1. How many residues does region 157-175 contain that are among the hydrophobic types (A, V, I, L, M, F, W, C), surrounded by 18 or more Cβ atoms within 10 Å (Cβ to Cβ) and more than 16 Å from the ligand (Cβ to nearest atom)?
2. Based on what the data block shows, is residue 256 outside the structural domain of residue 36 (by TED's automatic domain parsing) and more than 17 Å from residue 192 (Cβ to Cβ)?
3. Only one of these conditions is not met by residue 178: (1) more than 13 Å from the ligand (Cβ to nearest atom); (2) in contact (Cβ under 8 Å) with a residue 12 or more places away in the chain. Which number is it?
4. Only one of these is open to solvent by 10 Å² or more (accessible area, probe 1.4 Å), in contact with a helix residue (DSSP H, G or I) (Cβ under 9 Å, 6 or more places away or on another chain), away from the ligand (no atom under 11 Å from the Cβ) and not in a helix (DSSP H, G or I): 212, 250. Name it.
5. For region 100-113, give me each residue that is hydrophobic (A, V, I, L, M, F, W, C) and surrounded by fewer than 22 Cβ atoms within 10 Å (Cβ to Cβ).
6. Please find, among 22, 43, the residue that is surrounded by fewer than 21 Cβ atoms within 10 Å (Cβ to Cβ), farther than 24 Å from residue 333 by Cβ and more than 16 Å from the ligand (Cβ to nearest atom).
7. Which one is farthest from residue 319 (Cα to Cα) among residues in region 29-40 that are open to solvent by less than 30 Å² (accessible area, probe 1.4 Å) and within 16 Å of the ligand (Cβ to nearest atom)?
Amino acid sequence: MPHTFRPGLEHVMAYRAGKPAPRTADGRSVKLSSNENPYLPLPSVAHRLTEILSASISRYPSIAAPELTEALASRFGVTADNIALGSGSVEVAAQLIHALTAPGDEVLFAWRSFEAYPILTRVAGAVPVEVPLDGAARHDLDAMGSRITDRTRLIFVCNPNNPTGTVVSTAELDRFMAVVPEDVLVVIDEAYVQFDRDPDSPNGIEAFRRYPNIAVLHTFSKAYGLAGLRIGYAIASQQVTEALRKVAVPFAVSQLAQEAALISLASEAELEARIDELVSERDRVTAGLQAAGLEVVPSQANFVWLPLEEASAAVSAEFERHGISVRCFPGEGLRISIGTPAENDAVLEAARAVRA
Ligand SMILES: *Cc1c(COP(=O)(O)O)cnc(C)c1O
């Protein structure tokens, strides 16, 4: 018996994850396609997870996650009512769309940006409105402002932007907020904020304090290296977080994820050293790729964007021949995550072969 599926599902593409690492004859196998953290978990995190592993498997996790919620609230100077957790910030983004849109309502975002936005929007029955990045691969907030309609419910601003690594400035965000109606929620997706060293970048939490119709998305997946455990959160008004709790998948955040996040928050100084290294490696990789004759967009994230356009697929294949998987957007560009220094050396070696 053939099934009947939701109308519109035929237009939804399943999320395409970064390719696994290839393996060359000399055994090189480097995965730089998903912006993951190249380091193993902190010893304190790994130790705590082994301690609670058995006990946490047969029991449901706490839905309220009171300890983690309190820790996040005090870390960011907000109240527990301003925090909503999810199984990765992708799931929180889905909660936001489900909580705020009815079928036919519009969700506005820049394009190209995070691939999950159009998928989550369509799955919710809402309509994605994609506004092209400007010539410097940055958000064009003026153009986005002009696309707001009375159906717009939600606007994603990915800052730094995945996959281009660019940031908006505080002045640009302020000018944008002046044209956004108060009942439209602006979601600043700060998945990569810990890598952002641009003094002109807005601080999402400060922006949330100034504008109640801002929500901020944070994740433990990237800078904190917990991608496999799936945990992220929103900081938003109580009105918004209450709605998020209603649409959240019950028990989606495991106890292991909650505990790992809690320890990570307490270990920020230790994590900061790793983040600093990734930032300096990012700058080294950028300079090295440019020296190899490739155009690189200056990045504030843990990846770099090469706007290779038609050459993207061929250059991606060259990286793969060198045992490195990168993220290819055919016809647009390549996104290369920053790995360990040795992995980054491999990237630069492959890049020199591209131009040779
Ligand atoms: C990686 C990423 C996320 C975080 O995903 P998780 O679900 O928390 O692993 C969110 N937004 C953007 C833009 C990302 O690149």
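1. Here the count works out to 1.
2. yes
3. Residue 178 satisfies every listed condition except (2).
4. Numbers: 250 fails: in contact with a helix residue (DSSP H, G or I) (Cβ under 9 Å, 6 or more places away or on another chain).
One residue alone meets the criteria, 212.
5. 102, 111
6. Among 22, 43, only 43 is surrounded by fewer than 21 Cβ atoms within 10 Å (Cβ to Cβ), farther than 24 Å from residue 333 by Cβ and more than 16 Å from the ligand (Cβ to nearest atom).
7. The selected residue is 37.
The values are calculated or read from the model by the stated rules, or taken from the named source; none is laboratory data. This structure is a prediction, so every number in the text was calculated from the model and none was measured. Cβ coordinates were reconstructed from backbone atoms using ideal geometry, including for glycine residues, and neighbour counts include every protein chain displayed. When the accessible area is computed, the model is the full protein with side chains, heavy atoms only, and any ligands, DNA or RNA have been set aside. Shrake-Rupley method; radii C 1.70, N 1.55, O 1.52, S 1.80 Å.
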